[in-house]
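The values are calculated or read from the model by the stated rules, or taken from the named source; none is laboratory data. This one's a predicted model, so the numbers in the text were calculated from it and none came from an experiment. Heads up, the Cβs are rebuilt from the backbone with ideal geometry, glycines too, and the neighbour counts pull from every protein chain shown.
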Amino acid sequence: MATDLQVPELGESISEVQIARWLKSPGEYVEQDEPVVEIDSDKATLEVPAPVAGVLAEVLVGAGENARVGGVIARIDESAPAPAPAAPAGPPASTKKAAPRADENGAPKKQRVMPAAKRALAERGIEPGAVKATGRGGRILKEDVLQHREEEPASAPPNPSFAGIVTGAQRREEARPMTPMRRRIAERLVQAQQTAALLTTFNEVDMSAAIALRKTHQEAFTAKHGVKLGFMSFFVKAAVAALQEFPGVNAQIRDDQIVEFNYCDIGIAISSGKGLVVPVLRNAELMRFADIERAIADFGERARENKITLDELQGGTFTITNGGVFGSLLSTPIVNPPQTAVLGMHAIQDRPVAADGAVVIRPMMYVALTYDHRMVDGREAVTFLKRIKECVENPGRLLLDL
């Protein structure tokens with residue numbers, strides 16, 4: 001008897017998914033609840049477990065193809081017998097000659113490669129076995145491929161006599177379909193530009209106090225809480241203080257009404273293997289520095305492995321994005337609809353600034369607030385961003401609720 005493997009319900013707004021890759025091949029035995037296939041929705045990558053134990057008898061939708069929610073994508077023959085248990089271990093290697101490997105090349109078991117890593121490997125012509133896997137369960141992540149590329153020895157310099165000559169073999173194009181997540185990101189960014197009156201205001205923050213506080217207490221903080229103290233928690237706490245003081249920034253337009261929230265669900269933009277995801281810190285106003293850092297660290301790890309759940313991506317009343325981790329000095333972030341504003345952090349650079357009538361060198365960060373001018377006036381936006389600046393430059397205000 002065969003049991004259908006169907007695309008599960010993933011939320012009201014999701015009606016179609018893309019098959020990212022099959023974790024099992026036809027003819028392989030699967031245990032009940034064992035992951036069989038990875039699917040891409042417009043919000044996350046998910047693993048679909050087997051509803052029953054049996055042999056994967058038939059795959060109906062191949063990798064890269066689309067499937068409707070509720071549609072049958074494979075069939076599992078639960079009447080097939082389970083594989084025989086492995087034979088007990090033999091005597092030590094010193095007394096028994098090792099049996100030959102099944103494959104003629106003696107290659108190790110094939111590693112699991114995440115979809116983004118698979119594309120990176122193909123683009124660079126690298127074999128999976130050459131890359132050191134750091135993902136959970138020995139999975140190869142995109143970051144592993146990029147790190148491997150950085151560690152490769154530099155190639156010999158080109159022959160000067162051939163400088164400027166490009167052969168046909170070096171010119172190529174590659175077309176691949178957009179993933180559901182990338183399509184969704186594109187749709188939402190265009191939606192934000194077309195439906196909101198977006199405007200950006202800037203300021204700069206002297207990070208001296210935050211850096212000094214972090215340096216002084218980093219060791220004790222890490223020992224007590226098991227996570228490092230980063231700068232994001234300073235900005236989350238500062239954003240909470242500013243959102244509570246300026247509720248119009250912590251609001252949405254819903255039909256012809258303005259909806260303000262008495263809680264702060266702050267989305268943290270994180271780069272994953274397949275694009276930008278924005279998991280949400282629920283009730284950030286109730287979180288301590290350690291709670292924020294632990295949550296962000298967990299989001300980051302699971303985002304790299306495409307393990308963020310759909311529930312964690314839903315909602316959000318305000319967003320913070322940090323382009324500084326990639327070296328961005330200044331940018332204009334785009335609001336995540338239907339939110340009203342987004343805060344952009346950037347790289348910290350030592351710059352000359354005026355202080356007490358003298359020019360001094362300070363670690364400075366540009367910050368940007370993009371907001372929907374339909375909801376927020378310029379004075380309110382500028383004051384909001386100034387409030388964040390004051391909190392980060394004087395962290396004691398956050399501790400004393402000033």
Within region 180-201, work out how many residues are part of a strand (DSSP E or B) and either of a type in the set (G, A, S) or within 21 Å of R68 (Cβ to Cβ) (or both).
0
What number goes with the only condition from (1) of a type outside the set (K, R); (2) at pLDDT 75 or above; (3) surrounded by 10 or more Cβ atoms within 10 Å (Cβ to Cβ) that Q111 does not pass?
(2)
Residue ID - nearest to the chain's Cα centre (by Cα), chosen from residues in region 329-386 that are polar (S, T, N, Q) and within 15 Å of A196 (Cβ to Cβ)
N336
Checked against (1) under 30 Å from D350 (Cβ atoms); (2) touching a helix residue (DSSP H, G or I) at 6+ places or on another chain (Cβ under 8 Å); (3) among the polar types (S, T, N, Q), T319 satisfies every condition except (2)
Output yes when any residue across region 327-343 is in a helix (DSSP H, G or I) and free of Cβ contacts under 8 Å to residues at least 60 places away in the same chain, and no when none is.
no
Among all residue pairs at least 6 apart or on different chains, which show Cβ distances below 8 Å where the first residue, located in region 122-147, is without any contact (Cβ under 8 Å) to a residue 60 or more places away in the chain and surrounded by fewer than 21 Cβ atoms within 10 Å (Cβ to Cβ) and the second is among the polar types (S, T, N, Q) and not in a helix (DSSP H, G or I)?
P128/Q111; G129/Q111; A133/Q111; G138/Q111
Quick one: I165 ticks every box in (1) farther than 30 Å from A116 by Cβ; (2) modelled with pLDDT of 80 or more; (3) hydrophobic (A, V, I, L, M, F, W, C) except a single one, so which number is it?
(2)
Kindly indicate whether any position in region 386-396 is in contact with a Ser or Thr (Cβ under 7 Å, 6 or more places away or on another chain), within 16 Å of V249 (Cβ to Cβ) and not in a strand (DSSP E or B).
no
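Based on this model, can you work out whether L213 counts as at pLDDT 75 or above, on the phi < 0 side of the Ramachandran plot and under 25 Å from the mean Cα position of the chain (by Cα)?
Details: at pLDDT 75 or above: yes; on the phi < 0 side of the Ramachandran plot: yes; under 25 Å from the mean Cα position of the chain (by Cα): no.
Here the answer is no, as L213 does not meet what is asked.
Test F299 against the criterion of being within 30 Å of R21 (Cβ to Cβ) and part of a helix (DSSP H, G or I), and give yes or no. Spell out the reasoning first.
On the way: within 30 Å of R21 (Cβ to Cβ): yes; part of a helix (DSSP H, G or I): yes.
Yes: the conditions hold for F299.
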Could you tell me whether region 2-13 includes any residue that is surrounded by 13 or more Cβ atoms within 10 Å (Cβ to Cβ) and among the polar types (S, T, N, Q)?
yes
Failed item, numbered, when M1 is tested on (1) touching a Ser or Thr at 6+ places or on another chain (Cβ under 9 Å); (2) modelled with pLDDT of 85 or more
(2)
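One line per residue, one yes/no per condition, for (1) within 19 Å of M178 (Cβ to Cβ); (2) of a type in the set (G, A, S); (3) in contact with a Leu (Cβ under 9 Å, 6 or more places away or on another chain); (4) not assigned by TED's automatic domain parsing to the domain that holds G315:
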site: M1; (1), (2), (3), (4): no, no, no, yes
site: V17; (1), (2), (3), (4): yes, no, yes, yes
site: V30; (1), (2), (3), (4): no, no, yes, yes
site: E58; (1), (2), (3), (4): no, no, no, yes
site: E65; (1), (2), (3), (4): yes, no, no, yes
site: G70; (1), (2), (3), (4): no, yes, no, yes
